[in-house]
Amino acid sequence: MGDNCCRSCLGFLLKFLNFLHAFFGVSLVVYAVWVLNHWIRNGGTLDLNKLSDLWFVGVLMGTGAVMCLIVLTGYVAAEIRSGCCLCFYSFIAIVLIIAEAALAGGVISNKNWQEYLPNDPTGELKTLLAFIEENEDIFKWIGLSLVAIQGMSVFLALSLKAVLPRRRLDYDSDEDFVVIRRPLLIPQVAPKLLLELYGW
(Lines give C-alpha, C1' and ligand atoms only; values in the text may rest on other atoms or scores of the structure.)
Protein backbone atom coordinates (compact mmCIF):
# COMPACT_ATOMS: atom_id res chain seq x y z
CA MET A 1 0.00 0.00 0.00
CA GLY A 2 2.77 2.44 0.94
CA ASP A 3 4.77 1.63 -2.19
CA ASN A 4 1.72 2.22 -4.36
CA CYS A 5 1.10 5.59 -2.70
CA CYS A 6 4.76 6.58 -3.17
CA ARG A 7 4.64 5.62 -6.85
CA SER A 8 1.40 7.57 -7.34
CA CYS A 9 2.84 10.70 -5.67
CA LEU A 10 6.04 10.55 -7.72
CA GLY A 11 4.03 10.01 -10.91
CA PHE A 12 1.78 12.98 -10.11
CA LEU A 13 4.74 15.26 -9.39
CA LEU A 14 6.45 14.19 -12.61
CA LYS A 15 3.28 14.94 -14.59
CA PHE A 16 2.93 18.33 -12.89
CA LEU A 17 6.52 19.31 -13.68
CA ASN A 18 6.03 18.16 -17.27
CA PHE A 19 2.96 20.40 -17.44
CA LEU A 20 5.09 23.37 -16.38
CA HIS A 21 7.77 22.36 -18.88
CA ALA A 22 5.10 22.13 -21.59
CA PHE A 23 4.20 25.75 -20.91
CA PHE A 24 7.67 26.82 -22.10
CA GLY A 25 7.52 24.65 -25.22
CA VAL A 26 4.03 25.79 -26.22
CA SER A 27 5.03 29.42 -25.56
CA LEU A 28 7.92 29.08 -28.03
CA VAL A 29 5.66 27.59 -30.70
CA VAL A 30 3.00 30.28 -30.18
CA TYR A 31 5.64 33.03 -30.34
CA ALA A 32 7.05 31.54 -33.57
CA VAL A 33 3.57 31.46 -35.12
CA TRP A 34 3.02 35.08 -34.02
CA VAL A 35 6.33 36.16 -35.61
CA LEU A 36 5.41 34.35 -38.82
CA ASN A 37 1.96 35.95 -38.86
CA HIS A 38 3.49 39.39 -38.21
CA TRP A 39 5.98 38.82 -41.03
CA ILE A 40 3.22 37.89 -43.50
CA ARG A 41 1.02 40.87 -42.50
CA ASN A 42 3.90 43.28 -43.09
CA GLY A 43 4.37 42.16 -46.68
CA GLY A 44 6.63 39.15 -46.21
CA THR A 45 6.08 36.06 -48.33
CA LEU A 46 6.54 32.38 -47.67
CA ASP A 47 8.55 31.66 -50.80
CA LEU A 48 10.08 28.18 -50.69
CA ASN A 49 13.35 29.51 -52.13
CA LYS A 50 13.66 32.12 -49.38
CA LEU A 51 12.40 29.92 -46.56
CA SER A 52 15.91 29.59 -45.15
CA ASP A 53 15.86 33.35 -44.46
CA LEU A 54 13.27 32.70 -41.77
CA TRP A 55 15.74 30.64 -39.70
CA PHE A 56 14.77 32.41 -36.47
CA VAL A 57 11.15 31.28 -36.78
CA GLY A 58 12.29 27.75 -37.62
CA VAL A 59 14.61 27.58 -34.61
CA LEU A 60 11.87 28.81 -32.29
CA MET A 61 9.30 26.40 -33.68
CA GLY A 62 11.71 23.46 -33.70
CA THR A 63 12.86 24.08 -30.13
CA GLY A 64 9.27 24.38 -28.93
CA ALA A 65 8.25 21.19 -30.76
CA VAL A 66 11.21 19.24 -29.31
CA MET A 67 10.35 20.44 -25.81
CA CYS A 68 6.71 19.40 -26.31
CA LEU A 69 7.78 15.93 -27.52
CA ILE A 70 10.04 15.49 -24.49
CA VAL A 71 7.18 16.57 -22.23
CA LEU A 72 4.83 14.09 -23.93
CA THR A 73 7.38 11.32 -23.42
CA GLY A 74 7.68 12.24 -19.74
CA TYR A 75 3.93 12.33 -19.28
CA VAL A 76 3.47 8.92 -20.92
CA ALA A 77 6.35 7.48 -18.88
CA ALA A 78 4.81 8.80 -15.65
CA GLU A 79 1.39 7.46 -16.60
CA ILE A 80 2.35 3.91 -17.59
CA ARG A 81 5.25 3.70 -15.12
CA SER A 82 7.47 1.70 -17.42
CA GLY A 83 11.14 1.47 -16.51
CA CYS A 84 12.19 1.58 -20.17
CA CYS A 85 10.13 4.73 -20.87
CA LEU A 86 11.41 6.42 -17.72
CA CYS A 87 15.03 5.70 -18.71
CA PHE A 88 14.43 7.00 -22.23
CA TYR A 89 12.78 10.16 -20.90
CA SER A 90 15.64 10.72 -18.44
CA PHE A 91 18.20 10.30 -21.21
CA ILE A 92 16.62 12.78 -23.62
CA ALA A 93 15.94 15.28 -20.80
CA ILE A 94 19.61 15.10 -19.75
CA VAL A 95 20.68 15.62 -23.39
CA LEU A 96 18.42 18.70 -23.55
CA ILE A 97 19.88 20.09 -20.32
CA ILE A 98 23.44 19.57 -21.63
CA ALA A 99 22.54 21.31 -24.91
CA GLU A 100 21.04 24.25 -23.01
CA ALA A 101 24.11 24.48 -20.79
CA ALA A 102 26.43 24.41 -23.83
CA LEU A 103 24.40 27.15 -25.52
CA ALA A 104 24.39 29.30 -22.37
CA GLY A 105 28.13 28.74 -21.94
CA GLY A 106 28.78 29.77 -25.54
CA VAL A 107 26.73 32.95 -25.15
CA ILE A 108 28.38 33.87 -21.85
CA SER A 109 31.95 33.16 -22.98
CA ASN A 110 31.67 34.92 -26.35
CA LYS A 111 30.39 38.49 -26.09
CA ASN A 112 30.26 38.84 -29.90
CA TRP A 113 28.07 35.80 -30.52
CA GLN A 114 25.48 37.87 -32.42
CA GLU A 115 27.96 38.46 -35.25
CA TYR A 116 27.93 34.74 -36.12
CA LEU A 117 24.16 34.65 -36.63
CA PRO A 118 22.75 35.05 -40.14
CA ASN A 119 20.63 38.07 -40.98
CA ASP A 120 17.05 37.89 -39.70
CA PRO A 121 14.74 39.62 -42.22
CA THR A 122 11.82 39.63 -39.78
CA GLY A 123 13.70 41.89 -37.34
CA GLU A 124 12.17 40.01 -34.42
CA LEU A 125 15.53 38.74 -33.18
CA LYS A 126 16.75 42.28 -32.49
CA THR A 127 13.43 43.15 -30.85
CA LEU A 128 13.57 40.03 -28.69
CA LEU A 129 17.19 40.63 -27.67
CA ALA A 130 16.41 44.24 -26.74
CA PHE A 131 13.42 43.05 -24.69
CA ILE A 132 15.56 40.44 -22.92
CA GLU A 133 18.25 43.05 -22.12
CA GLU A 134 15.62 45.39 -20.65
CA ASN A 135 14.22 42.61 -18.45
CA GLU A 136 17.45 40.72 -17.81
CA ASP A 137 16.69 39.82 -14.18
CA ILE A 138 13.30 38.33 -15.04
CA PHE A 139 14.76 36.23 -17.85
CA LYS A 140 17.55 34.96 -15.59
CA TRP A 141 14.92 33.69 -13.16
CA ILE A 142 12.90 32.19 -16.00
CA GLY A 143 16.00 30.37 -17.28
CA LEU A 144 16.91 29.11 -13.82
CA SER A 145 13.37 27.93 -13.17
CA LEU A 146 13.34 26.08 -16.51
CA VAL A 147 16.59 24.29 -15.70
CA ALA A 148 15.32 23.53 -12.17
CA ILE A 149 12.08 22.06 -13.57
CA GLN A 150 14.04 19.91 -16.02
CA GLY A 151 16.47 18.74 -13.33
CA MET A 152 13.66 17.89 -10.91
CA SER A 153 11.84 16.03 -13.70
CA VAL A 154 14.90 13.87 -14.33
CA PHE A 155 15.32 13.25 -10.60
CA LEU A 156 11.64 12.27 -10.20
CA ALA A 157 11.78 10.00 -13.26
CA LEU A 158 14.82 8.17 -11.88
CA SER A 159 13.20 7.98 -8.41
CA LEU A 160 10.00 6.57 -9.91
CA LYS A 161 12.02 3.98 -11.82
CA ALA A 162 13.80 3.02 -8.60
CA VAL A 163 10.56 2.32 -6.71
CA LEU A 164 8.97 0.28 -9.49
CA PRO A 165 8.62 -3.41 -8.66
CA ARG A 166 11.20 -5.56 -10.37
CA ARG A 167 9.90 -8.10 -12.85
CA ARG A 168 11.05 -11.65 -12.40
CA LEU A 169 12.61 -13.34 -15.38
CA ASP A 170 11.58 -16.87 -14.37
CA TYR A 171 7.84 -17.33 -14.35
CA ASP A 172 6.63 -19.98 -11.93
CA SER A 173 3.28 -20.53 -13.59
CA ASP A 174 3.37 -24.35 -13.13
CA GLU A 175 3.73 -24.25 -9.36
CA ASP A 176 -0.02 -24.32 -8.78
CA PHE A 177 -0.44 -27.53 -10.77
CA VAL A 178 0.86 -30.99 -10.06
CA VAL A 179 3.02 -31.95 -13.00
CA ILE A 180 4.13 -35.51 -13.43
CA ARG A 181 7.39 -35.49 -15.26
CA ARG A 182 8.28 -38.51 -17.35
CA PRO A 183 11.46 -39.11 -19.31
CA LEU A 184 11.22 -38.35 -22.98
CA LEU A 185 12.96 -41.60 -23.97
CA ILE A 186 12.08 -44.91 -22.36
CA PRO A 187 15.27 -46.69 -21.39
CA GLN A 188 16.02 -49.74 -23.48
CA VAL A 189 15.66 -53.00 -21.60
CA ALA A 190 17.44 -56.16 -22.66
CA PRO A 191 15.15 -58.55 -24.63
CA LYS A 192 15.69 -61.41 -22.18
CA LEU A 193 14.52 -59.25 -19.30
CA LEU A 194 11.45 -58.24 -21.30
CA LEU A 195 10.53 -61.84 -21.85
CA GLU A 196 10.80 -62.51 -18.14
CA LEU A 197 8.70 -59.46 -17.28
CA TYR A 198 5.86 -60.42 -19.54
CA GLY A 199 6.08 -64.11 -18.65
CA TRP A 200 6.96 -65.38 -22.13
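The values are calculated or read from the model by the stated rules, or taken from the named source; none is laboratory data. Everything numeric in this text was worked out from a predicted model, so none of it was measured. Don't worry about glycine lacking a Cβ; one is built from the backbone with ideal geometry, like all the others, and counts go over all protein chains shown. Just so you know, the surface numbers come from the protein's heavy atoms only, side chains and all, with ligands and any DNA or RNA stripped out. Shrake-Rupley method; radii C 1.70, N 1.55, O 1.52, S 1.80 Å.
What FRET efficiency do you get for residue 127 and residue 65 if R0 is 22 Å and r is their Cβ-Cβ distance, rounded to the nearest 0.05?
Working: r = 22 Å, r/R0 = 1.02.
Between residue 127 and residue 65 the formula returns 0.45.
Pop the C-beta distance of residue 102 and residue 142 into the FRET formula with R0 = 25 Å and round what comes out to the nearest 0.05. Intermediate results must be reported in sequence, preceding the final value.
Working: r = 19 Å, r/R0 = 0.75.
Approximately 0.85, to the nearest 0.05.
Share of the range 73-149's accessible area from carbon and sulfur, percent, 1.4 Å?
Details: 3590 of 5240 Å².
Carbon-and-sulfur percentage of accessible area, whole number: 69.
Going 7 Å from the Cα of residue 134 along its beta-carbon direction, which residues of the range 87-128 have the amide nitrogen within less than 16 Å of the resulting point?
Correct set: 124-128.
Quantify how much of the Cα-Cα distance distribution of the range 90-154 extends past 13 Å, in percent. List each step's numbers first, then the result.
Values: 1524 of 2080 pairs.
More than 13 Å apart: 73 percent of the Cα pairs in the range 90-154.
What's the center-to-center distance, using Cα atoms, between the range 56-97 and the range 9-37 in Å?
Cα centroid of the range 56-97 versus Cα centroid of the range 9-37: 11 Å apart.
Let me check something: with ligands and nucleic acids excluded, how do 75, 89 order by accessible area (1.4 Å probe), largest to smallest? Could you put the intermediate results ahead of the total?
Numbers: 75 105, 89 5 Å².
These residues rank, largest area first, as 75, 89.
Could you derive backbone 3J(HN,Hα) for the range 58-63 from the dihedral phi with the Karplus parameters 6.51, -1.76 and 1.60 (θ = phi - 60°), listing whole Hz in sequence and x where the residue is Gly or Pro?
x, 5, 4, 5, x, 5
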